[in-house]
1. Of all accessible surface on the chain at a 1.4 Å probe, what whole percent is carbon and sulfur?
2. In the stretch 1-103, what chymotrypsin sites (Phe, Trp or Tyr not before Pro) fall in a loop by DSSP, with at most 14 other Cβ atoms inside 10 Å?
3. Could you let me know the centre-to-centre spacing of the stretch 205-268 and the stretch 403-424, using Cα atoms, in angstrom?
4. Please calculate the 1.4 Å probe accessible area of T356, with all protein chains present, and give it to the nearest 10 Å².
5. In Å², what does the accessible area per residue of the chain work out to with a 1.4 Å probe?
6. May I ask you to rank M222, M175 by accessible area, largest first, using a 1.4 Å probe over the protein chains only?
7. Roughly how many whole Å is it from the C-alpha centroid of the stretch 176-192 to that of the stretch 1-68?
8. Which helices of the chain meet both criteria: a Cα extent of 30 Å or more along the helical axis and a mean Kyte-Doolittle score no lower than -0.5, with helices taken as whole DSSP H segments?
Amino acid sequence: MTELPASLSHHRAQADDVDSVVRGEVRYAPVKSLWLAGMAGAALVGGILTFTWAAFLVFLATTGTVLLLGHSLGSHRKLIHDSYQCPKWLEYALVYFGVQVGLAGPLGLLRQHELRDYAQRLPDCHDYLRHGSSFWRDAWWQLHCELRLQNPPRLTIEPGIAADRFYRFVERTWMVQQLPPAMLLYALGGWGFVFWGTCARVTAGVVGHWLIGYFAHNRGAMHYEVHNAAVQGRNIRFTSLLTMGESWHNNHHAFPGSARLGLFAGEWDPGWWMLMVLRKLGLVWAIRLPAALPERAELQACDEAGSVELERRRDRAPRSGASIGMRHVLRLCWKGTIQGDQPVTMEGPAATLPATLVRRIVGPRVEFHENAAAARLVLHVGQRQVRGLPALCVSLSLRAPALRRLALCVAPLAVAFESTREAFDVA
């Protein structure tokens, strides 16, 4: 038998034979297929006949809510990975929102995730589990079929979840759980709200989940590689806001237990932002981050940012925090000059903005050095430093009097934004 990585020794799924996730047959799943076909058909026909802009806004609001609070925070980061702690009532509420996505019940979704996660960490697995087939064939498989393995791994769910009365009830009735919000929507706006707020929302959630899953295992950038794994996770930058941060899938493959998925500068993670809000309200605690997770010998860096982060974890060194003073920033912007021949340099990841654009913004007076491993932009003025957005404001003030006035107007907002970001961050 192939020796498995130590990180799988405590996995919920276990198998005596690594080939147990290879041998199997994909078969049509009538209930799964008809569920999606029914929702999609109702969304298409009913949605066209009852379209209003109000109904479309309901679709956007309900879809965003269940993806953020339900799928990302409830089903994935809490129920499956237990990456933070919260009151039981909040856990139930978040997981219930996750059921509203329409993928499965809470226990069924957990089982699907754990089987797929276990299989993908092994040297080989079935194409169904790795999204390894062609685009359209994978769509048919994932949306209308199920995989029946000849000798599936044993899956053990802890009693606190498997025996929970609420989870067991919702598991039995997860399709019916679409009725309560549908009735509320009907009372608020009639059938248009139902077709757009329920049918279209479920269709978008199910199809979107497959679509992101396909590309997150086949296309995209990588900070890390899991050695000898059947498939690698990929980061899909342009969908980070749509997926509430879930598209940072390479980061997730590297650190599955981390509550934060967008680990580097410019990796927007709305799920993490919401966790920080809940933490400030005292509703969330014991948040797990990569530095607190066990070492994984099979984890290897693919780029400079990943390499530096792995070294930081091994040294248990925290990221350097920002140190921003309002008066200091305003004084630099007001003067618009630097005394003497003090060198003025800026370094940073240039993740949100391309390095060429950053150089155009800061101008010739500031020498910009791209550093992919840095957490924030840092402007060095002699012995002093300015971090984040205020650094761009100070750089603008050095270019011309007109830009100095603009920098003075924007600087208070920039400082307030950076201070708020620091206050809500735990990394």
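The values are calculated or read from the model by the stated rules, or taken from the named source; none is laboratory data. This one's a predicted model, so the numbers in the text were calculated from it and none came from an experiment. Neighbour counts run over all protein chains shown; Cβ positions are idealised from the backbone, glycine included. When the accessible area is computed, the model is the full protein with side chains, heavy atoms only, and any ligands, DNA or RNA have been set aside. Shrake-Rupley method; radii C 1.70, N 1.55, O 1.52, S 1.80 Å.
1. Working: 12760 of 20680 Å².
Carbon and sulfur atoms account for 62 percent of the accessible area of the chain.
2. Numbers: sites: Y28, W35, F51, W53, F56, F59, Y84, W89, Y92, Y96, F97; in loops: F51, Y84.
Listed in order of number, the matching sites are F51.
3. 31
4. Counting only protein heavy atoms, T356 exposes about 90 Å² to solvent.
5. Numbers: 20680 Å² over 427 residues.
Value for the chain: 48 Å² per residue.
6. On the way: M222 45, M175 65 Å².
Result, largest first: M175, M222.
7. 22
8. Numbers: long enough: 401-424 (34 Å, 0.72).
Helices meeting the criterion: 401-424.
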